[in-house]
Amino acid sequence: DKDKQYSLSKGNILESSSKTTKSGEELKAMSLSQHHFDIILVSDCVLPKLYPIGPLVDAIDELSGPNTLSLLSYEQRYYPEFDPKEEFCRLATLRNLVVRTVPQDELDPIYSAEDIEIWEVRRT
């Protein structure tokens, strides 16, 4: 159910957010459209077999302001219906978000892996 996944994505971002001036309960009470994060970290969430990609992009869009940086880790996995990276980028573009794959030479040589990409997502 896409609505449930969208709600869970937003909730997870809020639950794991770090904010010194707001408690978790105060953040939940705020309208998401009025609150934008400086940075959003996403790991192991681009898994179309388990989670639809659209709700994740929707949550990033809703929580992103003009200066928000979202960093996503993406492990390349086969999915028969579509390419998950292409679909994520297509949906992000529709929401005026640009996705940049961080080149391997910009990643730490010890903590990087050839099958895992880091994406930067920003508002255009």
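The values are calculated or read from the model by the stated rules, or taken from the named source; none is laboratory data. The structure presented is a predicted model; accordingly, all values stated were derived computationally and were not measured. Glycine gets a Cβ as well: all are built from the backbone with ideal geometry, and neighbour counts include every protein chain shown. Heads up: the accessible areas ignore ligands, DNA and RNA and are worked out on the full protein's heavy atoms, side chains in. Shrake-Rupley method; radii C 1.70, N 1.55, O 1.52, S 1.80 Å.
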Quick calc, THR124 & GLU81: beta-carbon distance into FRET formula, R0 41 Å, rounding 0.05, result 0.90
Counting only protein heavy atoms, what percent of the accessible surface of the stretch 52-124 is carbon or sulfur at a 1.4 Å probe? 52 percent
Just to check I understand the Karplus step: with θ = phi - 60° and J = 6.51 cos²θ - 1.76 cosθ + 1.60, what whole-Hz values come out for the stretch 99-112, glycine and proline as x? 10, 10, 7, 6, x, 3, 6, 9, 9, 5, x, 7, 9, 9
Measuring with a 1.4 Å probe in the full set of protein chains, what accessible area per residue, in whole Å², belongs to the stretch 25-124? 61 Å²
Packing-based order for 103-110, 78-85, using average beta carbon neighbours within 10 Å, highest first: 78-85, 103-110
